[in-house]
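Taking it in order: structure first as structure tokens, then the write-up.
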Amino acid sequence: MDGNTPSEDAPILWSGRLEEKPGARAFAFQSSIMVDKRLALEDIQGSRAHVLMLGKQGIISEDSAVALDTELARIAEELESGILKVDRGAEDIHSFIEGVLTKRLGDAGRMVHAGRSRNDQVATDLRLYLKHVVPKLCGELKETIQTLLDQAETYAEALMPGYTHLQRAQPVTLGHHLVAWCTGLERDLGRFTDALTRLDECPLGAGALAGSGLPLDREATARALGFSAPTLNAMDSVADRDFVLELAGATAITMIHLSRFCEDVVLWASEEFKFITLAESWSTGSSIMPQKKNPDFAELIRGKAGRTTGNLVCLFTMLKGIPYAYDKDLQEDKEALFDSLDTVRACLSIFQGMMSTAVFNQDRMEGALIGGFLEATDVAEYLVRKGLPFRIAHETAALVVRDCIAQGQRSITERTLEELKTRSSLFERDIYQALTPGACVMARNGPGGPAPEEVRRQIGILRAKINR
Ligand code: ARG
């Protein structure tokens, strides 16, 4: 943030009490204009609802209310068109707007703050902003899920190894893997919508912490601003930042998801895996090694998950020790939350672009199904189907794997039936069909499984959920 100095035009709202004022450096330190200037339109929206209510309630004259409302609308237009610039020397967006009003309207401008405080004002502005921005974020999240679900559908039959401990575990499909990602993202969507429902109450009129003795109509301002109701308790209204924590939390979780997906992508893009080919336009090169094609975008998304986790920790730490009600510490909420929201939105859009242009190398993925004995669990389940208790079946299959390794065989199907029978007489010819990767996947068609028809069912459910 650059060192802004107290401005001539933007009045300091609290200067009456103090004979001496903070010097330029101290003033700049406590100023928040560079962060909260993005709340300008919401601040104006809140002020317009407030002045109209003051007029209706007879707290100010109807004429003043109309004059204030008209001027506020004009200021909004001028800010949007760029004719009016936010003054970096103002203390915060609230003093800036009030300053412009007063400069233009004189005493009428001085009436706007009756019955409110910057404490309820900033809480209202922030909630209004989030009601506007979080639905956009949700739309972007949905688009990302849609892109991945389209690919899951395309690759519903594409066989690949599933991993645990980054060791080949069991055959799955790429569709199954991509739906796993989407399931997490759909929960993220739920967390954002959930937070939006809870923050849908209007703090305006809570004042500094104790409401106002003036006959405010809080129902009216809440309604005018599109909130479902005014907040219940004035002190809670200015002290509460649960909604900031919830959104920073939902953001941090979404970023952890993206980070883990990107880790998969980075691995898959390596020569060792070669499961994915990222578009050249979604890759970067090296300044020294001419041959390089690097998955920088995936790495950077993974890296940025550190930021959003950090912002969440920062918010928790900022809040934990502050006494009720408002404390200036709370001003730190916006920089962290805005950064988190900006970060997740940028990452979603980059991730979607990168994934929608990526090509999956099915030969490589299928090739990786040979060599890791991914069919061993199916050997155990084969024996269970023939009546063997699972623990014994597991041990038998493990011994078969050991036999294979001892003889340099890469798959259990390389063993003859006679060799298999030395470990269990239950093995029959049908074992060979049961052990192809395709058969292993097809057999897992129960709820949650990787069989193509089951993955298509999961895709359908997720599509319905995100379109609700
Ligand atoms: N810039 C402040 C914030 O973001 C606005 C509220 C200031 N209130 C006060 N009593 N100093 O929290």
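The table that follows gives values for the structure above.
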item	result
Those residues of region 316-337 which are part of a helix (DSSP H, G or I) and either touching a Lys or Arg at 6+ places or on another chain (Cβ under 7 Å) or away from the ligand (no atom under 14 Å from the Cβ) (or both), in sequence order	F316, T317, L319, K320, L330, D333
Odd one out for P437 among (1) under 17 Å from F373 (Cα atoms); (2) without any contact (Cβ under 8 Å) to a residue 60 or more places away in the chain	(2)
Helices (runs of 4 or more DSSP H) completely within region 170-254 that count 1 or more residues being open to solvent by less than 10 Å² (accessible area, probe 1.4 Å), aliphatic (A, V, I, L, M) and within 25 Å of I60 (Cα to Cα)	218-224, 234-239
Residue in region 407-425 that is of a type in the set (D, E, K, R), within 18 Å of L174 (Cα to Cα), surrounded by 19 or more Cβ atoms within 10 Å (Cβ to Cβ) and free of Cβ contacts under 8 Å to residues at least 60 places away in the same chain present	no
Residue check, S117 among the small types (G, A, S), open to solvent by 50 Å² or more (accessible area, probe 1.4 Å) and in contact with a helix residue (DSSP H, G or I) (Cβ under 8 Å, 6 or more places away or on another chain)	no
Unmet criterion (only one of (1) open to solvent by 30 Å² or more (accessible area, probe 1.4 Å); (2) within 19 Å of the chain's Cα centre (by Cα)) for A269	(2)
Among residues of region 368-413, those that are touching a Lys or Arg at 6+ places or on another chain (Cβ under 6 Å) and farther than 27 Å from F273 by Cβ, counted	3
Scope region 272-281; condition open to solvent by less than 50 Å² (accessible area, probe 1.4 Å) and either more than 23 Å from A368 (Cβ to Cβ) or touching a strand residue (DSSP E or B) at 6+ places or on another chain (Cβ under 9 Å) (or both); matching residues	F275, I276, L278, A279
Any hit, region 326-340, residues being hydroxyl-bearing (S, T, Y) and either open to solvent by 60 Å² or more (accessible area, probe 1.4 Å) or under 21 Å from R127 (Cβ atoms) (or both)	yes
Residues satisfying the stated conditions in region 353-373, i.e. part of a helix (DSSP H, G or I), open to solvent by 50 Å² or more (accessible area, probe 1.4 Å) and under 18 Å from C262 (Cβ atoms)	S356
Leading residue by the ranking (nearest to the chain's Cα centre (by Cα)) among those in region 23-33 that are surrounded by fewer than 18 Cβ atoms within 10 Å (Cβ to Cβ) and among the hydrophobic types (A, V, I, L, M, F, W, C)	F29
Qualifying residues in region 292-316 (those that are among the polar types (S, T, N, Q) and farther than 20 Å from L126 by Cα) - the one surrounded by the fewest Cβ atoms within 10 Å (Cβ to Cβ)	N294
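The values are calculated or read from the model by the stated rules, or taken from the named source; none is laboratory data. Please read these numbers as outputs of a predicted model, since none were measured by experiment. All Cβ positions, glycine included, derive from the backbone under ideal geometry; neighbour counts span all protein chains shown. The protein model used for the area step is the full one, side chains on, heavy atoms only, and it has no ligands, DNA or RNA in it. Shrake-Rupley method; radii C 1.70, N 1.55, O 1.52, S 1.80 Å.
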